[in-house]
Amino acid sequence: MKNIIILIFVFISLTINAQENLNTLTLTPIVFDENSNHEQVSESVKNLLKNKMRQVASKYGFSSGILKDKHIMFPDIQVITKDVIPSAPPMISLNVEITFYIADYDTRMIYASEIFEVKGVGDSETKAYNNAISKIDSNNQSFRSFMENGKQKIINYYNTQCDVILNTARTKSQIGEEDLALSMLTRIPNDCDVCFNKSLDLSVEIYKKIEEKICNENFSKAQSVWVTNKSYEGAMRMEPYLSKILPTSPCYNDTAKLIFEMTKFIKEKEGREWNYNVKKEKDEYEIRKMQIKLAHEVAIEKIRNQPEVIYRYWW
């Protein structure tokens, strides 16, 4: 039937600016358990350092990195002096040298580093550390230069290595590692205009190779929900799966038929309208945006499923 609703794009509003929201330059704050200077700090100090780095990264134009991201920021801590101040109660004074690094976790490349010397006092060593860290001024020129230098070097890396990265991703795709290929491409920051646009083209190309698998998986999940819960609520639970099935997908016609039957069933049995943000025709621009978005989701899932243990490389 010509008037059958072709497909539901549940999350289509999220893709209006899809290209602008993907591949933002990210930086993941990490405090390694093993410090190169063998200084041991408490978990509260580690968390304070992570929060400091996260705030600084945001301040200078980085997004929060997803788990196990490629670009990392980490500190090395060295206590220069440690004194006990005779008072009631006794106070601990620490003169601490903290070296911050921006690096590539995969290649072990250091993009930028900067040393900051701060002094902290507290009635415990942890409080002395916290006091010292709180005095790190992210507004000073040294920190600004450090962050901007690191950012520019990351961008330069992708601009100069673009063809190598794209060819490697293409090779991974050819041997059946499409999710790994997409995870490589999704790390290319959109600050690198030319390389970023090339990565989007290749992402869509690779995504099309696995579109049938994704289509079948999501159609099967949607069917299972509907079989066990033929109701308006069941239909709502199906939306995340249906939204990933595009007009270009092999199971698209079966999906359109299922949607039509569900809409009719809910109307007759419950007297309710199943309202959606509907896509009524094959718009290549909209489809491309959704393919880019879904390819990005595949990439993020691959990255999240990598081993969670992050080891300290001896840079």
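The values are calculated or read from the model by the stated rules, or taken from the named source; none is laboratory data. Please read these numbers as outputs of a predicted model, since none were measured by experiment. We place every Cβ from the backbone using ideal geometry, glycine too, and count neighbours over all the protein chains shown. Quick note on the areas: whole protein, heavy atoms, side chains included, nothing else; ligands and nucleic acids left out. Shrake-Rupley method; radii C 1.70, N 1.55, O 1.52, S 1.80 Å.
Values computed for the structure shown
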item	result
GLU233 vs. criteria out of contact with any strand residue (DSSP E or B) (no Cβ under 7 Å at 6 or more places or on another chain), of a type outside the set (Ser, Thr, Tyr) and closer than 19 Å to ILE292 by Cβ	no
Test: residue in the stretch 166-176 that is outside any helix (DSSP H, G or I), at pLDDT below 95 and either closer than 27 Å to ILE214 by Cβ or in contact with a Lys or Arg (Cβ under 6 Å, 6 or more places away or on another chain) (or both)	yes
Filtered residue count, the stretch 185-209, keeping only those that are without any contact (Cβ under 8 Å) to a residue 12 or more places away in the chain and over 22 Å from the mean Cα position of the chain (by Cα)	0
Failed item, numbered, when GLU212 is tested on (1) without any contact (Cβ under 8 Å) to a residue 12 or more places away in the chain; (2) in contact with a Pro (Cβ under 6 Å, 6 or more places away or on another chain); (3) not hydroxyl-bearing (Ser, Thr, Tyr)	(1)
Pick from the stretch 75-119, criterion in contact with a helix residue (DSSP H, G or I) (Cβ under 9 Å, 6 or more places away or on another chain) and of a type in the set (Phe, Trp, Tyr), ranking: nearest to GLY150 (Cα to Cα)	TYR111
Residue under evaluation ASN253, criteria (1) under 30 Å from GLU205 (Cα atoms); (2) in contact with a Phe, Trp or Tyr (Cβ under 8 Å, 6 or more places away or on another chain); (3) open to solvent by 20 Å² or more (accessible area, probe 1.4 Å), criterion not met	(2)
Of all residues in the stretch 81-98 being closer than 22 Å to ASN140 by Cα and out of contact with any Ser or Thr (no Cβ under 6 Å at 6 or more places or on another chain), the one that is surrounded by the most Cβ atoms within 10 Å (Cβ to Cβ)	VAL96
One residue from ASN149, ASN159 being open to solvent by 70 Å² or more (accessible area, probe 1.4 Å) and part of a helix (DSSP H, G or I)	ASN159
